[in-house]
Amino acid sequence: MLRYINYDIVFQEIPDEVTLAVNISCCPHRCAGCHSSHLQEDIGETLDENVLSVWLENYGNAITCLCFMGGDAEPHEVERLADYIRKKNDRIKTAWYSGRANLPADFSLVNFDYIKLGAYMEHLGGLNAPSTNQRFFRIEKGKMIDRTSRFWKI
Ligand code: SF4
């Protein structure tokens, strides 16, 4: 079962989208310089179809994307909830911010439009740093297209 700490409508996490980003707790990673260490704790409210249904009802006309921020302890649950969003409202794109270097085994891309991979490494910087180890992908026809450079101001 996934749990979340909070959520907000954001504009920078996914380029060209108005995104409802939900911060998921129980992060299994221990990135040095973690910017949100409270997300490592096993705390928060249950994130399930009932919660998503309410958010889609309340914000569905205002957003173009819903992004799961975390959930690496239960990636297949993230996958399952993305599938729920697809079936409930196929106008809303879906995204996953993962701290993993690679996708988990048997993880299906079919229910995602965007995926970010990579742990946060302070000395390399986040997505907005050209030196970053993190990668941001657009999913197109089942393929992961690297769009990380969209975050770089050149
Ligand atoms: S993935 Fe994010 S929340 Fe988890 S330890 Fe790393 S920086 Fe912190």
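The values are calculated or read from the model by the stated rules, or taken from the named source; none is laboratory data. The structure presented is a predicted model; accordingly, all values stated were derived computationally and were not measured. Note: ideal-geometry Cβ built from the backbone for every residue, glycine included; neighbour counts use all protein chains shown.
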Margin query: Taking the condition of being within 15 Å of the chain's Cα centre (by Cα) and either away from the ligand (no atom under 16 Å from the Cβ) or more than 22 Å from GLN134 (Cβ to Cβ) (or both), how many residues in the stretch 91-109 meet it?
Written below: 6
Margin query: Scan the stretch 80-90 and tell me whether some residue there is away from the ligand (no atom under 16 Å from the Cβ), modelled with pLDDT of 95 or more and acidic (Asp, Glu).
Written below: yes
Margin query: I'd like the full set of residues that are within 16 Å of the ligand (Cβ to nearest atom) and not in a helix (DSSP H, G or I), limited to the stretch 60-79.
Written below: CYS67, PHE68, MET69, GLY70, GLY71, ASP72, ALA73, GLU74
Item checked: Tally, over the stretch 24-41, of residues that are within 6 Å of the ligand (Cβ to nearest atom), assigned to a loop (DSSP other than H, G, I, E, B) and not basic (Lys, Arg) -> 6
Checklist line | Selection status of ALA21, surrounded by 13 or more Cβ atoms within 10 Å (Cβ to Cβ) and either within 15 Å of the ligand (Cβ to nearest atom) or closer than 26 Å to PHE151 by Cα (or both) | finding: yes
